[in-house]
């Protein structure tokens with residue numbers, strides 16, 4: 001995949017603009033980008049109706065259909081995303097036995 | 001006509017509708033022979049259904065299962081979304097129902113050589129289970145309760161995060177795997193080897209990692225065991241207690257970040273990026289592959305990039 005020119009980082013969640021949704025991406029309900037396993041907090045889009053989520057295989061995509069949508073979380077400052085399509089993923093961390101997704 | 005079965009959750013047709021009264025009446029009637037015939041239909045006595053694995057499988061997947069089933073071999077139903085329940089009484093050699101996402105009801109009386117029942121929808125197990133070898137219940141994230149009478153050679157309850165207690169009368173002879181379970185200790189009478197991700201650990205490591213000391217971890221010679229202890233202890237706390245060589249430092253949105261290296265005897269060093277979250281001002285320590293030598297490369301790797309030039313955060317909060 002061609003790398004995006006830049007990314008947004010919201011805690012352990014990364015968001016990068018992409019050209020388009022992959023063909024065959026399936027809509028996913030809700031606007032939660034990632035749940036906090038221990039805290040119960042979540043990274044999510046604040047404005048309902050401004051965006052929608054899609055999954056393609058194990059990858060998550062975000063379609064911002066309003067002029068802007070805001071990524072919020074109880075502990076992180078909000079980030080405003082302009083209209084467009086984004087890929088969303090989480091930070092990873094290394095262990096000698098496996099590489100894992102970071103969970104907060 | 002429908003009635004709720006003994007376990008109270010599923011609707012099921014009665015076992016039989018109005019069989020001929022004459023045939024089964026005698027052994028079950030408490031009335032004297034001269035009494036008038038009962039006016040309600042009698043249900044014939046039904047013993048256990050005996051079946052081959054193939055027949056048992058077809059029966060269970062059809063949803064028309066008997067209350068009591070004896071299978072003359074292994075019952076393998078892994079990954080079967082149609083499976084919602086198993087018979088109340090079940091006997092087989094090996095039972096395999098891993099990854100059955102709708103399986104909620106397991107037997108109340110189970111006799112098996114081994115049981116693989118990982119990642120199902122089961123919430124509670126009750127009754128009397130005798131498993132001669134391993135009982136694997138790992139990844140049952142809704143599971144809160146194990147059978148009152150449970151005997152097994154080995155039990156795996158890893159990742160059963162809602163399971164906080166084992167039954168007081170549980171009988172295990174070899175090992176108990178507990179990584180990621182909700183358990184906070186063992187019943188007082190239980191003496192069994194405790195495993196964390198397959199590695200033997202003591203009760204303190206398994207249930208009271210806050211009582212460990214960083215120096216205890218450094219002194220553990222066995223690499224696998226040391227890795228488990230480190231995971232239980234927490235990398236943040238470990239770095240806080242033992243420090244580390246700063247091999248690189250720079251600044252990001254949160255302030256100064258440092259790449260630390262902690263040498264370990266007989267194992268690869270711990271290399272970790274210490275960063276400050278720009279929103280919360282909390283410090284996080286995240287481990288990266290040991291060959292990385294700069295904060296920039298480490299931060300890019302954590303974000304999923306092998307090449308540091310591909311990681312260009314526009315906004316970090």
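On inspection, residue B:266 passes the criterion of being surrounded by fewer than 20 Cβ atoms within 10 Å (Cβ to Cβ), in contact (Cβ under 8 Å) with a residue 12 or more places away in the chain and closer than 19 Å to residue A:97 by Cβ. Candidates A:52, A:48: the one that is assigned to a strand (DSSP E or B) and away from chain B (no Cβ under 11 Å) is A:52. For the range A:67-77: of the residues being more than 21 Å from residue A:4 (Cα to Cα) and in contact with a strand residue (DSSP E or B) (Cβ under 7 Å, 6 or more places away or on another chain), which is nearest to the other protein chains (Cβ to nearest Cβ)? Here the residue is A:76. Consider residue B:210 against the criteria (1) on the phi < 0 side of the Ramachandran plot; (2) out of contact with any helix residue (DSSP H, G or I) (no Cβ under 9 Å at 6 or more places or on another chain); (3) at pLDDT below 90: it satisfies all of them except one. Which criterion is unmet? Just one mismatch for residue B:210, condition (2).
Looking only at residues of the range A:78-104 that are at pLDDT 90 or above and part of a loop (DSSP other than H, G, I, E, B), we find that the one that is farthest from the other protein chains (Cβ to nearest Cβ) is A:78. The residues of the range B:103-121 that are over 13 Å from residue B:87 (Cβ atoms) and touching a strand residue (DSSP E or B) at 6+ places or on another chain (Cβ under 9 Å), listed by number, are B:104, B:113, B:114, B:115, B:116, B:117, B:118. Return a yes/no flag: does the range A:51-71 have any residue that is out of contact with any helix residue (DSSP H, G or I) (no Cβ under 7 Å at 6 or more places or on another chain), more than 16 Å from residue A:16 (Cα to Cα) and surrounded by 16 or more Cβ atoms within 10 Å (Cβ to Cβ). No: the range A:51-71 contains no residue that is out of contact with any helix residue (DSSP H, G or I) (no Cβ under 7 Å at 6 or more places or on another chain), more than 16 Å from residue A:16 (Cα to Cα) and surrounded by 16 or more Cβ atoms within 10 Å (Cβ to Cβ).
Of all residues in the range A:11-28, those being in contact with a strand residue (DSSP E or B) (Cβ under 8 Å, 6 or more places away or on another chain) and assigned to a loop (DSSP other than H, G, I, E, B) number 8. Could you grab me the full set of residues in the range B:68-105 that are in contact (Cβ under 8 Å) with a residue 40 or more places away in the chain, part of a loop (DSSP other than H, G, I, E, B) and crowded, with 20+ Cβ neighbours inside 10 Å? Within the range B:68-105, B:88 is the sole residue that qualifies.
Within the range B:229-238, identify whether any single residue is more than 14 Å from chain A (Cβ to nearest Cβ), on the phi < 0 side of the Ramachandran plot and loosely packed, with under 15 Cβ neighbours inside 10 Å, and answer yes or no. Write out each step before concluding.
At the first step, the residues of the range B:229-238 found to be more than 14 Å from chain A (Cβ to nearest Cβ) are B:237.
From what is left, the residues that are on the phi < 0 side of the Ramachandran plot are B:237.
Applying the additional criterion that residues be loosely packed, with under 15 Cβ neighbours inside 10 Å yields none.
No, because not a single residue in the range B:229-238 is more than 14 Å from chain A (Cβ to nearest Cβ), on the phi < 0 side of the Ramachandran plot and loosely packed, with under 15 Cβ neighbours inside 10 Å.
Considering the range B:250-317, the qualifying strands (runs of 3 or more DSSP E), each wholly inside and each with 2 or more residues that are facing another protein chain (nearest Cβ under 8 Å), run over B:267-276, B:283-288, B:313-316. Taking the numbered list (1) more than 8 Å from every other protein chain (Cβ to nearest Cβ); (2) crowded, with 21+ Cβ neighbours inside 10 Å in turn, residue B:212 passes all entries but (2).
The values are calculated or read from the model by the stated rules, or taken from the named source; none is laboratory data. The structure presented is a predicted model; accordingly, all values stated were derived computationally and were not measured. Every residue, glycine as well, gets a Cβ built from its backbone with ideal geometry; the counts of neighbours run over all protein chains shown.
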